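Report on one structure; see the data block that follows.
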Amino acid sequence: MMIKLYIDGICILLVAILANLLASKLHLQSWYSFLTEWSDKGGSVWRHLLFRDWLWLFLVYPILLGLAVPLGRLVVKILGVEQ
């Protein structure tokens, strides 16, 4: 059970890293940059978010992270760790 959770976690981490690289290449806000800006500027940061940043942060990024779990399950199946 712990190995399955570990593999799921690794897959989520790898997908998150790749998603952040993609966000950087596409000049989209990442959660890190958004929260850093929020801690500096407060609530006014919401007014400066572009529509594409909203889509990325609240739709695409969560979907990508959600898809990492089935990827982890596939890796578990391929490795034969399932019991």
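Brief remarks on what is shown
- Positions within the stretch 50-81 being within 23 Å of residue 34 (Cβ to Cβ) and exposed (fewer than 15 other Cβ atoms within 10 Å of the Cβ), in sequence order: 50, 51, 52, 54, 55, 58, 59, 62, 63, 66, 67
- Flag if residue 71 is among the hydrophobic types (A, V, I, L, M, F, W, C), without any contact (Cβ under 8 Å) to a residue 60 or more places away in the chain and part of a helix (DSSP H, G or I): no
- Within the stretch 44-64, the set of residues being among the aliphatic types (A, V, I, L, M) and in a helix (DSSP H, G or I) comprises 45, 55, 57, 59, 60, 63, 64.
Yes/no per residue for (1) assigned to a helix (DSSP H, G or I); (2) modelled with pLDDT under 90; (3) of a type in the set (Val, Ile, Thr):
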| position | (1), (2), (3) |
| --- | --- |
| 3 | yes, no, yes |
| 6 | yes, no, no |
| 11 | yes, no, no |
| 19 | yes, no, no |
| 23 | yes, no, no |
| 28 | no, no, no |
| 36 | yes, no, yes |
| 42 | yes, yes, no |
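The values are calculated or read from the model by the stated rules, or taken from the named source; none is laboratory data. Quick caveat: nothing in here was measured; it's all calculated off a predicted structure. Ideal geometry is used to build each Cβ from the backbone, glycine not excepted, and the neighbour counts take in all protein chains shown.
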